[in-house]
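Visitor: Below you'll find the structure I mean.
Please treat every number below as a calculation from the coordinates, not as lab data. Keep in mind the model is a prediction, meaning the values are calculated, not measured. Note: ideal-geometry Cβ built from the backbone for every residue, glycine included; neighbour counts use all protein chains shown.
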Amino acid sequence: MQPAGFHTFHEAAIPGQYHGRPQSYQRSGVERYPGPPAPTIYEELPDDLGFLYDESPLGNFLTDTFRHAWFRGEYLLWNISAPGDVLLGAQPSSGVVAVNNSNPLSNYGFPGRQQLAENVQFARTVNGVSGAAIAPGLDSFSNNNLNGFRGTFGLPVSTGTVELGGFVLQDSGNTYNGGNTLASVYESGVNRGIGTGYIQEQIDANPAVVIGGNVGADGNPATNGQQAQFISQPVLVNGVPQNMTATSSAIDYDVSYQAKLLTSAWGAEGNYVLDSPDPNAIIQLRPMIGGRYFNIRDRLNQFGQYNEQDAIDPTINNVISRTIDSAGNNNIFGPQLGLRAEAMHSRFLIGVEPKFTFGMNTWKTNLDTTNVFGSDDPAQSLTMKGTTFSPLFDVKFYSNVALSKNLSAFVAYNYIWVGQVNKSYNDVVYNQPDFRLTRNYSGTTLQGLSFGLELRY
């Protein structure tokens with residue numbers, strides 16, 4: 001009787017026949033040879049043989065291929081290029097009258113007039129109160145020391161290696177705080193976190209000083225006055241720059257102001273890396289061809305509050321909330337060519353890998369505003385999108401040190417330049433009576449170090 005779980009096959013007494021794997025065999029009268037019957041052989045099999053049993057061609061191919069596959073995981077510490085000298089407003093035609101600035105950057109032919117830039121003080125009158133104002137900007141923002149991860153899987157084939165990889169960086173957040181120094185601001189029950197900043201009320205004298213005293217409860221002397229300070233964003237009027245004065249049209253904040261910028265980036269790529277034409281050379285040159293997808297996006301949220309005279313009772317001021325929110329999204333994709341050059345010595349390897357992507361960028365910018373020029377100013381929601389050529393250059397300098405037969409350490413410096421990127425904060429046109437969107441492109445760089453381990457199967 002055949003034991004349970006065993007597979008039966010018969011061994012024919014034919015000289016030279018191979019019996020290394022089970023075969024389907026049926027006896028017949030024609031195939032019988034003189035002598036006793038061939039012995040019955042039993043082979044114990046697992047419960048589930050699977051499709052790789054009997055050393056099928058597919059099983060042999062997968063076993064041989066994945067035997068040399070590898071995976072590399074890297075921790076990224078990268079920087080994304082900062083916005084730079086971006087003014088959140090429109091540049092006046094002849095600058096501004098600078099306050100307490102004896103060395104103007106640009107003269108315009110008028111003494112004391114200066115090109116408007118972030119935190120340059122200029123004379124301003126808001127709701128009949130004279131004081132000083134500054135325009136917000138992004139010059140102090142940075143996108144440095146962002147954490148991230150990159151993973152790469154390699155699969156050797158007959159004439160090269162198929163490599164699939166991708167990376168992601170944490171979102172970069174920056175805040176410009178020009179809020180009132182007197183109190184935090186709440187909207188819909190949410191604390192906007194505006195507790196310190198530039199905006200302040202006008203104080204002609206110190207009301208905290210008691211009669212006969214020299215210093216008030218707030219620690220300030222009796223004669224301490226305070227100049228009013230505002231956040232003001234100059235605007236175009238019907239598309240035309242203004243000759244800025246203290247009462248020119250502007251978007252004024254006398255209660256609070258805050259701007260938050262979020263930036264994110266991620267990408268994926270696939271490449272076929274050819275084997276070196278001379279595998280015994282000290283320096284290995286391996287051309288590659290593939291494709292890449294890269295995404296970079298930003299969101300700038302501006303929120304602030306201002307006093308507006310009540311339409312019925314002019315002795316009452318109503319506090320109005322204003323929002324100016326813009327967002328940009330870039331989807332860059334295309335074929336790429338590259339070259340991998342490596343020099344190896346014993347357990348140590350160094351290399352450089354430049355790649356160029358012929359990218360197309362399908363981008364979109366959104367703009368949403370509320371109460372920009374007053375409580376009766378209708379909300380706006382604008383969208384602009386398009387497609388443009390966006391080249392991408394990527395170079396990596398790296399070193400690999402073998403720790404064991406299957407494990408090695410990896411370190412690299414990475415630099416990526418992307419051209420023709422659309423950024424939402426460059427597209428907003430601060431115009432009265434209505435905002436507009438315009439098309440602007442600029443370059444973006446990502447650079448930094450990566451550290452990781454490479455595991456070979």
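Visitor: Within segment 438-457, which residues have the backbone N less than 17 Å from the label spot 7 Å out from VAL401 along Cα→beta-carbon, could you tell me?
Guide: 450-455, by backbone N distance to the label point.
Visitor: Return the FRET efficiency for the residue pair TYR75, MET344: r is the Cβ-Cβ distance, R0 is 25 Å, and the value is rounded to the nearest 0.05.
Guide: Once the sixth-power term is evaluated, E becomes 0.55.
Visitor: Okay, moving on. So for the pair VAL352, GLN202, with labels modelled 7 Å out along Cα→Cβ, what separation do we get in nm?
Guide: 6.4
Visitor: Starting from the amide H of ARG436, placed 1.01 Å from N in the peptide plane, find each other amide H under 5 Å away whose residue is 5 or more places distant or on another chain.
Guide: VAL429, ASN431
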